[in-house]
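Down below is the structure, laid out as structure tokens.
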Amino acid sequence: MGTILKVEKLVKKFGNLRAVDNVSFEVPEKSITLLIGPNGSGKTTLLNCIAGIYKPDAGKIWFNGKDITGRQPHEIVNMGIMKTFQIPAVFSRLSLAENLLVFYRKNPGEKLINSFFKKRWINEEKLATLKLFETVQTLEIESQFNRRANELSGGQLKLLEYSKLLMAEPTLCLLDEPVGSINPVLANKIFSYITEARNNMGKTFIIVEHRLDIAVKYVDYIYVLVNGRILCEGVPEEVLKRKELYEVYLSPLPA
């Protein structure tokens, strides 16, 4: 199994705060990697640097052997990396189906000059519709198909946020708290969907999540971040036995 992502000595500063402080790690392809740590430890900032939302102050990021450090978010998405958000980022007045169609990335009709020539994009419209139906059936959200996003429950919004990945078809998926604040039954179901996507679609995941009781059952490897640095790492069984893991969760962060 090859390495899909390599991060080397990455630094991201906000003023005097080093939110990501000399972080290095590698992610194998077709794996599920979990980033954990107390609030303020730099987990989301790290994902944002990989996704191009933040430009690192130092260090390098390689994706499939290509240096993507500091590239624009749309370039990184087109290369095959996509990030979801803690608070679902949706078009509130569009339906669930319309939200998902926005994230279908192959349609040549999105280019102005092509939009005038129906034959150039009509077949792709059909494929986008088929992909939409496949996605909502896979995630069992057909009943919400025509409901506007602002009418959906918190759990349904989490499913909508995750389903964007299936429509956009990235290779590397960056998930920021995909099961935060939802009931355990749905949380486990979302992680089962993630596992299926890894096993059946060959996708790779890096996940930030605080629901350790749920997440550790599904992941391959864990990195623990504290104050912007990697404190420890390993397979779930090893990390959960580490004394320092419990110390950082029980001790308050320095002021």
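Please treat every number below as a calculation from the coordinates, not as lab data. This one's a predicted model, so the numbers in the text were calculated from it and none came from an experiment. Backbone-built Cβ (ideal geometry, glycine too); neighbour counts: all protein chains shown.
In the chain, the calculated helix contribution to ellipticity at 222 nm averages -10500 deg cm²/dmol per residue, counting -39,500 (n - 2.57) for every DSSP H run with n ≥ 4.
Angle, helix 184-201 long axis vs. longest principal axis of the chain, Cα atoms, 0 to 90°, nearest 10? Roughly 70 degrees between the two axes.
One Cα centroid belongs to the stretch 42-89, the other to the stretch 228-243; the line between them spans 24 Å. Which angle from 0 to 90°, rounded to the nearest 10, does the C-alpha axis of helix 122-138 make with the longest principal axis of the chain? On a 0 to 90 degree scale, this one is about 50. The share of Cα pairs per 5 Å bin across the chain, counted from zero up to the longest distance, runs 1, 6, 13, 16, 18, 16, 13, 9, 5, 2, 1, 0, 0 percent. Listed from fewest to most Cβ neighbours within 10 Å, the set E161, E140 follows the order E140, E161. Remark on L231: its backbone amide H falls under 5 Å from those of V224, L225, V226, a criterion applied only to residues 5 or more positions apart or on other chains, H modelled at 1.01 Å from N. Fewest-first ordering of I61, I53, I87 by other beta carbons within 10 Å of each residue's beta carbon gives I87, I53, I61.
Each DSSP beta bridge with both residues in the stretch 120-234 is either parallel or antiparallel, and the antiparallel ones are about 50%.
Applied to the stretch 55-61, the Karplus parametrisation 6.51 cos²θ - 1.76 cosθ + 1.60 on θ = phi - 60° returns per-residue 3J(HN,Hα) values of 9, x, 7, 7, x, 9, 10 Hz, with x for Gly and Pro. Using the Cβ of N99 as centre and a radius below 11 Å, the other residues enclosed give a net charge of +2, where K and R count +1 and D and E count -1. The antiparallel fraction among DSSP beta bridges confined to the chain stands at about 60%. For the residue pairs K60/K189; K126/K158; K6/K126; K30/K158, the alpha carbons lie more than 32 Å apart in K60/K189; K6/K126. Panel order for K83, K13, by other beta carbons found within 10 Å of each beta carbon, from fewest to most: K13, K83.
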